[in-house]
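Coordinate-derived values only; no laboratory data. Here the structure is a predicted model, which means the values were calculated and not measured. All Cβ positions, glycine included, derive from the backbone under ideal geometry; neighbour counts span all protein chains shown.
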Amino acid sequence: MSIDAVEPCTIAIFGAFGDLALRKLFPSLFQLDRAGLLPAQTRVISLGRDDGGLEPSALVANALHEYVAAKELEQPVLDRFLSRIDWLYMDFLDAEAYHTLAERVGQVDSVIAYFATPAKVYGGICAGLASVNLAERTRVVLEKPIGHDLQSSMAVNEAVARYFPEERVYRIDHYLGKETVQNLIALRFANNLFETQWNQNHISHVEITVAEKVGIEGRWGYFDQAGQLRDMVQNHLLQLLCLVAMDPPSDLSADSIRNEKVKVLKALAPISGEQLGQQLVRGQYVAGSIDGRSVPGYLDEENSNTRSDTETFVALRAEIRNWRWAGVPFYLRTGKRMPQKVSQIVIQFKDPAHHIFAPEQRPLISNRLVIRLQPDEGITLHVMTKEQGLDKGMQLRSGPLQLDFSDTFRNSRVPDAYERLLLEVMKGNQNLFVRKDEIEYAWQWCDQLIAGWRRQGAAPKPYAAGTWGPLASIGLISRDGKDWYGDY
Ligand code: BG6
């Protein structure tokens with residue numbers, strides 16, 4: 001890519017001394033600098049409170065040493081990158097502080113304000129930027145979670161919209177920046193082979209699994225208020241579902257793509273009443289072991305509230321009410337403390353309409369497309385072939401046609417999602433960001449699930465850490481005569 005496509009700007013990171021900025025934003029900006037994608041004039045202003053800890057420049061340098069591979073931390077690039085960084089201690093709700101910020105920003109044409117803070121201060125930051133006339137030349141980047149439900153997310157969006165038009169609002173869902181998510185769009189819309197088969201005539205069902213080995217990593221305060229449905233389904237899993245299910249957009253512009261995604265969200269069938277018990281499973285991990293190491297249960301995590309009924313696992317069966325997907329279940333599953341970290345989408349095709357092979361000649365496997373987001377990014381198409389050998393007759397077997405990105409593109413590292421997303425903001429390209437109405441339709445659908453749970457009053461089902469979730473999640477799919485695909 002040419003650096004010409006990226007305009008110089010000043011990036012103001014609000015919440016620059018927090019975990020997200022140190023773990024993801026600075027390392028990603030460093031990688032962009034290393035790849036020659038940061039124009040010479042681009043600067044970063046780190047904003048946050050003085051908590052009496054390390055000096056900001058030392059904090060950033062330490063974070064780079066921790067989160068960037070030693071061999072990539074070339075000294076000249078490191079020196080150049082650190083020289084771009086300035087910092088300012090400020091209270092984001094103190095109107096006076098914005099005058100100092102405006103002085104630091106100076107007369108540059110383009111500013112990116114990255115909000116790595118709780119959403120409740122987004123409105124205050126926007127007002128502060130506007131009060132010193134920075135709003136007109138600023139794009140704002142909003143981190144999730146944007147609200148806790150439809151109402152609160154609308155309040156956040158409205159507070160931001162008072163000062164920033166939608167064309168300058170970039171809502172992050174970092175899954176949209178993942179390499180294989182990008183490849184899903186290429187696979188679907190650059191290969192006629194798939195697009196013609198991508199509907200209820202040929203597809204039996206779709207599975208989306210996002211499993212994590214980690215627990216809540218000291219984030220009890222946030223996570224216990226949210227739970228896995230709000231933390232993962234409302235955003236990452238529904239975005240993946242949209243990309244799998246949307247109709248082809250007429251072009252790759254942000255609005256064409258987002259219009260198609262919104263249509264999918266609007267077509268999601270509500271799940272209510274008796275269906276809830278059948279189509280939705282909530283789980284909470286209890287003590288178990290992962291990689292041979294004992295790990296505590298959710299209720300025994302640091303700072304826990306031992307009576308919490310927050311879910312750390314969700315499995316659900318969704319339906320999309322449109323011509324393309326009528327009758328095709330979408331099974332979604334995500335959990336903490338599972339045996340492996342794996343995110344993948346499985347497209348299970350239907351059996352051939354008529355079998356010319358006897359049952360003993362063929363294993364019961366129809367074509368399956370597995371799109372692996374992480375780890376080992378790649379795409380595998382399982383196809384039926386014949387066993388080799390004179391003695392095998394017409395014995396069939398299922399074998400993989402494999403596109404392994406880490407092997408195929410051995411010399412190029414897979415960029416972190418945040419690198420791509422930051423670059424797209426700098427280029428002013430919104431197509432990997434979530435529009436206001438997408439977030440709101442996603443909340444609307446999730447809110448009705450949460451309200452249904454509340455009415456039922458049922459506690460989440462326990463599962464041992466290191467397992468694939470409560471048994472009921474197997475029941476959810478086996479009831480339809482299917483099972484979770486799992487050659488992990
Ligand atoms: C975040 C969630 O959005 O995504 C975390 O808040 C989760 O709870 C994380 O661990 C998973 O991201 P990734 O890229 O590691 O799959």
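A few remarks follow.
- Residue by residue, the range 46-59 carries 3J(HN,Hα) couplings of 8, 10, x, 8, 7, 9, x, x, 5, 4, x, 5, 6, 4 Hz when phi is fed to the Karplus relation 6.51 cos²θ - 1.76 cosθ + 1.60 (θ = phi - 60°); x denotes Gly or Pro.
- Annotation: amide H-H contacts under 5 Å for T117 (H modelled 1.01 Å from N, sequence separation of 5 or more, or interchain): E143.
- Rounded if a/c under 1.5, otherwise prolate or oblate - the range 71-185, Cα gyration tensor axes: oblate
- Proximal lysines relative to K120, as straight alpha-carbon distance under 19 Å, when same-chain residues fewer than 8 apart are discounted: K144, K436
- V262, V414, V140 arranged by Cβ crowding within 10 Å, fewest neighbours leading: V414, V262, V140
- Phi to ³J(HN,Hα) by Karplus 6.51 cos²θ - 1.76 cosθ + 1.60 over the range 348-360, Hz, x for Gly, Pro: 9, 7, 7, 5, x, 5, 9, 9, 9, 9, 5, x, 6
- Each residue, Q402 and R324, gets one label point 7 Å from its Cα in the Cβ direction; the gap between the two is 3.0 nm.
- As a proxy for reagent exposure, M338, M90, M246 were ordered by neighbouring Cβ count within 10 angstrom, fewest first; the result is M90, M246, M338.
- Under 21 Å from K350, Cα to Cα: lysines that are on another chain or at least 8 residues apart: K386, K482
- Which of H236, H205 has the fewest Cβ neighbours within 10 Å, and the rest in rising order: H205, H236
- For R479, net neighbour charge (Lys/Arg +1, Asp/Glu -1) across residues whose Cβ lies under 15 Å away: -2
- Net lengthening on full extension, A459/K213 (0.36 nm per residue, minus Cα-Cα): 86.3 nm
- Spatial separation of Cα centroids for the range 323-385 and the range 4-24, in angstrom: 38
- The trypsin sites (Lys or Arg not before Pro) of the range 125-230 meeting both criteria, a DSSP state outside H, G, I, E and B (loop) and at most 12 other C-beta atoms within 10 angstrom of the site's C-beta, are R162.
- Evaluating 6.51 cos²θ - 1.76 cosθ + 1.60 at θ = phi - 60° for every residue in the range 222-236, the Karplus couplings come out as 6, 5, 5, 6, 9, x, 5, 5, 6, 6, 10, 6, 4, 10, 4 Hz, glycine and proline recorded as x.
- Quick note on the range 208-268: its Rg to Rh ratio, both from C-alpha atoms and Rh being the Kirkwood radius, is 1.11.
- Selection from F92, G327, F14, by position along the positive dipole direction of the chain (Cβ): G327
- Using every pair of distinct Cα positions in the range 119-259, the Kirkwood expression returns a hydrodynamic radius of 17.7 angstrom.
- Only Lys, Arg, Asp and Glu carry charge here, each on its Cβ (+1 for the first two, -1 for the last two); on that basis the chain has a dipole of about 1220 debye about its Cα centre.
- Taking amide H positions as modeled 1.01 Å from N, with prolines and chain starts lacking one, the residues under 5 Å from I290 and 5 or more places away or on another chain are V295.
- The H on the amide N of L268, modeled in the peptide plane, is under 5 Å from the matching H of R321, each at least 5 residues off or on a different chain.
- Three-way shape label, the range 359-488, alpha-carbon gyration tensor, a/c 1.5: oblate
- FRET efficiency for the Y222 to D291 pair, using the beta carbon distance and R₀ = 30 Å, is estimated at 0.70.
- Legend: calculated FRET efficiency, T385 to D94, from the Cβ-Cβ distance at R0 = 60 Å, rounded to 0.05, equals 0.35.
- Dipole in debye (nearest 20) - the range 357-488, about Cα centre, beta carbon charges: Lys, Arg +1; Asp, Glu -1: 260
- For the range 312-415: rounded, prolate or oblate by the Cα gyration tensor [a/c cutoff 1.5]: oblate
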